[in-house]
């Protein structure tokens, strides 16, 4: 089992190119199930463990795939769906595997998908998905850890209300509704740019999706989709992680392409803390000069502060002058990294859904353990800003969301090595 060894205290300098967005690529790959004729080509797909899991799920369903990891391109042919069942052995590895239910149900009228696994972040029920499928006319049964959905006469467009925005729920419903009779309207839809990327992909093939990126999305059902070629958007979460790494370690970097249009609240909060952030020739420049000030952050669905950047922000705030407050409103158990950061010497108290961080003069390297993708990224941020050597265990979690993060950090001047157990 691999681990990272990080010798902190090295400023970051240089330029990186963002990987394709994991959270956009996964639903787009699942949506490939809707293309029943010819080959669909998806470019800028990051080489990640979660992508590999999704491709395994698609292969099991009968999709022919070719993944060129060097060119980050996936070619899909979903002409023949061999089965409508996504087994536990695959779905347990990654929650996003549940995204195959919408397109399977929409195209074939049946889907049997294991209840999902993935990171331990507290309850993340798929009730939104199932209630929406029921409103579209599907019959849902749960048995032995599987969700069995059938729509013998096809799905029928309707109005679906979400209690709160859900980007995966929105994506699953959009895919299911592409072939539904009539028009489906999602109220209180997820507004994430990754939802927009999915809609753009589907619309290229002939889908009729309007309003993606807003709280009201309409999908007018069509008969079929034509094969397309699509390039996945850059990963704004990778960008945010590197921005906060500069906050912790110091230095100046450029991130290309400029992800600023998707990150306005992140840029605002980091600027308030003292980072200097500005666009420059198609890139985003981030630099730190001097000490940082405490920050107050509340995570919230897009366009709010991303819950997936909470751990990195919290790690950076450990080195900010003053008392920072970080409130987690999306996932109830997303402070698992706090205990690990305290092993580095951080002063953090958690009260319910809020972490109160008193800045310290410095962190000290220690042995810590990643509990999920973003918690692991937060530990990297903390280790880069610490003195001495930090050992991060269970980096397979980090590999699910970051492609060769150690190579990019080394390129920027960090002292980080991957080692086998």
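The values are calculated or read from the model by the stated rules, or taken from the named source; none is laboratory data. Because the structure is predicted, anything quoted here is derived from the model rather than measured. Virtual Cβ from ideal backbone geometry, glycine too; neighbours counted across all protein chains shown.
For segment 223-248, what are the residues that are more than 28 Å from residue 314 (Cβ to Cβ), more than 22 Å from the chain's Cα centre (by Cα) and buried (at least 16 other Cβ atoms within 10 Å of the Cβ)?
225, 227, 228
Go through (1) surrounded by fewer than 17 Cβ atoms within 10 Å (Cβ to Cβ); (2) touching a strand residue (DSSP E or B) at 6+ places or on another chain (Cβ under 8 Å); (3) more than 22 Å from residue 374 (Cα to Cα) and name the single condition residue 82 misses.
Only one criterion in (1) surrounded by fewer than 17 Cβ atoms within 10 Å (Cβ to Cβ); (2) touching a strand residue (DSSP E or B) at 6+ places or on another chain (Cβ under 8 Å); (3) more than 22 Å from residue 374 (Cα to Cα) is unmet by residue 82, namely (2).
Restricted to segment 151-169, and to residues that are touching a residue at least 60 places away in the same chain (Cβ under 8 Å) and in a helix (DSSP H, G or I), which residue is surrounded by the most Cβ atoms within 10 Å (Cβ to Cβ)?
If we take residues in segment 151-169 being touching a residue at least 60 places away in the same chain (Cβ under 8 Å) and in a helix (DSSP H, G or I), then 168 is surrounded by the most Cβ atoms within 10 Å (Cβ to Cβ).
Within segment 191-203, track down each residue that is farther than 25 Å from residue 156 by Cβ, assigned to a helix (DSSP H, G or I) and in contact with a strand residue (DSSP E or B) (Cβ under 9 Å, 6 or more places away or on another chain).
196, 197, 200
Each row is one residue, and each column tells you yes or no for (1) touching a residue at least 24 places away in the same chain (Cβ under 8 Å); (2) touching a strand residue (DSSP E or B) at 6+ places or on another chain (Cβ under 9 Å); (3) at positive phi; (4) surrounded by 16 or more Cβ atoms within 10 Å (Cβ to Cβ).
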| position | (1), (2), (3), (4) |
| --- | --- |
| 45 | yes, yes, no, yes |
| 64 | no, yes, no, no |
| 67 | no, yes, no, yes |
| 78 | yes, yes, no, yes |
| 110 | yes, yes, no, yes |
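Has segment 22-34 got at least one residue that is more than 30 Å from residue 110 (Cβ to Cβ) and not assigned by TED's automatic domain parsing to the domain that holds residue 409?
No.
So, in segment 311-339, of the ones that are in a helix (DSSP H, G or I) and free of Cβ contacts under 8 Å to residues at least 40 places away in the same chain, which residue ends up nearest to the chain's Cα centre (by Cα)?
338
Go through segment 170-190 and give me each residue that's buried (at least 22 other Cβ atoms within 10 Å of the Cβ) and either at pLDDT below 95 or part of a loop (DSSP other than H, G, I, E, B) (or both).
Passing the criteria: 178, 179, 180, 189, 190.
Could you tell me whether segment 291-310 includes any residue that is free of Cβ contacts under 8 Å to residues at least 12 places away in the same chain, out of contact with any helix residue (DSSP H, G or I) (no Cβ under 7 Å at 6 or more places or on another chain) and in a helix (DSSP H, G or I)? Steps first, answer last, please.
Let us first name the residues in segment 291-310 that are free of Cβ contacts under 8 Å to residues at least 12 places away in the same chain, namely none.
No, segment 291-310 has no match at all.
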